[in-house]
Amino acid sequence: MAIYGSIASEPSKGSGMTPGVKLSTADLPVRERHEWLREVIGREYANVEITPPADGSLFNEMTIYPWQNLRLSAIRSSAICLERLPREPHLVSQDAYFAVILLSGGYLLEQNGKTVVLQPGDMTLYDATQPHRIHCPQHFSKLIVSVPRPMLRDRIAGIEHCAVLRIPGNKGIGSVAANFICTAANQTGQLNAQEFSALADHSLDLLTLALASVRPANFNVSRSRSIALNRVKAFIERHLGDPDMDTPKVAGGVGLSPRYINDLFKDEDTALMRYIWQRRLENCRKDLLDPVHAGHRLSDIAFRWGFNDLSHFSRAFKQRFGCSPKEYRQQPKV
């Protein structure tokens, strides 16, 4: 049975109930609503330009619930058009995918040359950091589940191919996922914080299955992994001289989890940090043979490429190339 026709707008005030933050234009004079809403959406979701209803009767109410690593938002609004222009995310936390469940009204989404139109109960996904346009021609209500980009990338290879596609809410896994998330949202006033939090992982599991159900059949998983690996390698090359570069720093720099990154390098029979050391040693080897660096000390070369211990550099170099850096430098140039 579909249950997505209505939703509680705020949590119960009882002790221990699910905490949520309610933000509404109803608390403001009409003339201040447009700018206030643009600022709030920019802070909470993404920087967008807003086109209000033609009659000026702008209304928007959102209740936001932290949900472990996710965030659930229940939104009611007048007709509106939102457009995100090309620009960097305002906050790191905005580097996310938004899963939308339409509860009532109409919803049109455009992104990356694709368009999707939702009916009540349907779901879709879009990249909050990329340019997009949302057009809702009448009063509507929806849920948004904000999912950090690395979480979905780890769960679904080629997640970008799952975006801006309609997931029907009246059948199959789409119906199961939409109804589960809607039920969780409807019960925020009856669930304590611990109970509500425990539903987050289940919701993400169902959402993952629903997204995978619409991924194109001709999607090339190996190509997606190759693209991800090349992005990691490019980041490493740009930061080889950073002696503090480690797994967490690389993972944060490319938006992938440490586990996924090491899994990518496992395909090449190596590991992330081993690859970094190999690239550093290779650049040191080249500099030792380069006449431009003939007057530079071994320590200068080693430190330039991210080593901070000369003894460790010498041992690693000898293990890799069969002789010490000094001996290698003294070899006859061919």
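The values are calculated or read from the model by the stated rules, or taken from the named source; none is laboratory data. Just so you know, these numbers come straight off a predicted model, no measurement behind them. Positions of Cβ are backbone-derived with ideal geometry, glycine not excepted, and every protein chain shown enters the neighbour counts.
Looking only at segment 284-299, which residues are assigned to a helix (DSSP H, G or I) and touching a helix residue (DSSP H, G or I) at 6+ places or on another chain (Cβ under 8 Å)? Cys284, Arg285, Asp287, Leu288, Leu289, His293, Leu298, Ser299, listed by residue number. Consider segment 243-261 and keep the residues that are of a type in the set (Ser, Thr, Tyr) and more than 12 Å from the chain's Cα centre (by Cα). The one that is modelled with the lowest pLDDT is Tyr260.
Is there a residue being in contact (Cβ under 8 Å) with a residue 40 or more places away in the chain, acidic (Asp, Glu) and not in a loop (DSSP other than H, G, I, E, B) anywhere in segment 228-238? Yes: segment 228-238 contains one or more residues that are in contact (Cβ under 8 Å) with a residue 40 or more places away in the chain, acidic (Asp, Glu) and not in a loop (DSSP other than H, G, I, E, B).
Can you find, within segment 1-22, the residue that is nearest to Leu191 (Cα to Cα) among those that are modelled with pLDDT of 50 or more and surrounded by 19 or more Cβ atoms within 10 Å (Cβ to Cβ)?
As a first pass, look at segment 1-22 and keep what is modelled with pLDDT of 50 or more: 16-22.
Subset that is surrounded by 19 or more Cβ atoms within 10 Å (Cβ to Cβ): 18, 20.
Numbers: Thr18: 6, Gly20: 12 Å.
Ranking the candidates gives Thr18 first.
Under the condition of being in a helix (DSSP H, G or I) and surrounded by 18 or more Cβ atoms within 10 Å (Cβ to Cβ), which residue from segment 161-174 is modelled with the lowest pLDDT?
The initial filter retains those residues of segment 161-174 that are in a helix (DSSP H, G or I), namely 161-162, 172-174.
Next, only the ones that are surrounded by 18 or more Cβ atoms within 10 Å (Cβ to Cβ) stay: 162, 173-174.
Working: Cys162: 92, Ile173: 96, Gly174: 96.
So the residue we want is Cys162.
Listed conditions (1) loosely packed, with under 14 Cβ neighbours inside 10 Å; (2) touching a residue at least 60 places away in the same chain (Cβ under 8 Å) are all met by Trp305, apart from (1).
Being touching a residue at least 60 places away in the same chain (Cβ under 8 Å) and among the hydrophobic types (A, V, I, L, M, F, W, C) is the filter here; which residues of segment 252-279 pass it? Across segment 252-279, the qualifying residue is only Leu256. The requirement of being modelled with pLDDT of 90 or more, in contact with a strand residue (DSSP E or B) (Cβ under 7 Å, 6 or more places away or on another chain) and either among the aromatic types (Phe, Trp, Tyr) or under 19 Å from Ile144 (Cβ atoms) (or both) is not satisfied by Ala184. Restricting segment 220-236 to residues that are charged (D, E, K, R) and under 11 Å from Phe265 (Cα atoms), the residue that is modelled with the lowest pLDDT is Arg225.
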